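The values are calculated or read from the model by the stated rules, or taken from the named source; none is laboratory data. What you see is a predicted model, and the numbers here were worked out from it, not measured in a lab. Every residue, glycine as well, gets a Cβ built from its backbone with ideal geometry; the counts of neighbours run over all protein chains shown. All accessible areas refer to the heavy atoms of the entire protein, side chains included, with ligands and DNA or RNA removed. Shrake-Rupley method; radii C 1.70, N 1.55, O 1.52, S 1.80 Å.
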Amino acid sequence: MDGAHSAGLQLQPLPPTSGATSTSLSSSEGSFSYKENLIGALLAIFGHLVVSIALNLQKYCHIRLAGSKDPRAYFKTKTWWLGLLLLLLGELGVFASYAFAPLSLIVPLSAVSVIASAIIGIIFIKEKWKPKDFVRRYVLSFVGCGLAIVGTYLLVTFAPNSHEKMTGENIARHLVSWPFLLYMLVAIVLFCLLLYFYKERNANSIVVILLLVALLGSMTVVTVKAVSGMLVLSIQGNLQLDYPIFYVMFVCMVATAIYQATFLSEASQIYDSSLIASVGYILSTTAAITAGAIFYLDFLGEEALHICMFALGCLIAFLGVFLITRNRKKAIPFEPYISMDAMPDEGAG
């Protein structure tokens, strides 16, 4: 009896230990954070793809009207309106992505827009090239697209897994934390110095202008994540719209976005769009990741290897975008498809 009794006791399942419970909880939390990262990344990729298609549709509309005798304004064409609707849809997808994934993951994914624009440009190119000339001319674009895709894969794979709820209390706490206040002090001083040299000393260097854009952009993405996260929580039933910090962030988001667009417009009047795209991407991404790491503590608790691989992904994406934009043609005024010099002389014959 004692042996049977002891055997029966041995067959009884042991209750889970606290270590096993914590392990299962951490694995479930890790799985949940990975799913949120994936949702945010897919929304951002989708948004940037749609935005790229929309902008190319609108560009096609402008070129088509300029090369024809159609008297209609561009906003009276279906193509332009389709591009505008797709643009709004894409921007909505990017905006929503900030609510699910860390800022440091979403910001570098704007490289997808550059990749898509390069591919669309190659597919719909007007000139006819011999195969050897085509490959030689676009080899940098092909290599750049490959590097940008590899960099994007590393970014998504080794992105930080910080998933703090965007409640009014959490955002207000981060806003008055001393690391962010110190960052704001440095950013404001640097912004004022750059603005002084740009406006008073005529320092029209592309780095100066795009650094102004990057500093404003770093605040834009910080506020976008706060506004997007609070809206998503409110939709889920946890109302956040009664917090004053929501409206503070919303006003800052709109104001910085407007001034950002102003400086970009000024830069486009001086420099080529491809140069603005590459330099702007590198500076804005670096500033935004820095701001996100300080404000939202994106990399807190992350392993050193993951941080290094994430940084490597950023560098590879930077190089890919640089190679793609470096090979683009400089913008030239529109010329008709049929040159006037090729028209038959009326006096001949």
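Mind checking which residues of segment 156-210 are β-branched (Val, Ile, Thr), open to solvent by less than 50 Å² (accessible area, probe 1.4 Å) and either in contact with a strand residue (DSSP E or B) (Cβ under 6 Å, 6 or more places away or on another chain) or in a helix (DSSP H, G or I) (or both)? Correct list: Val156, Ile171, Ile206, Val208, Ile209. Kindly indicate whether Met253 is among the hydrophobic types (A, V, I, L, M, F, W, C) and touching a residue at least 60 places away in the same chain (Cβ under 8 Å). No, not satisfied. Restricting to segment 138-155, name every residue that is farther than 23 Å from Ala214 by Cα, open to solvent by less than 70 Å² (accessible area, probe 1.4 Å) and hydroxyl-bearing (Ser, Thr, Tyr). Matches in segment 138-155: Tyr138, Ser141. Please work out if Thr17 is at pLDDT 75 or above, farther than 30 Å from Phe158 by Cβ and more than 15 Å from the chain's Cα centre (by Cα). Here the answer is no, as Thr17 does not meet what is asked.
Here the condition is being modelled with pLDDT under 90, under 28 Å from Gly237 (Cα atoms) and among the polar types (S, T, N, Q); of Ser97, Ser162, it holds for Ser162 alone.
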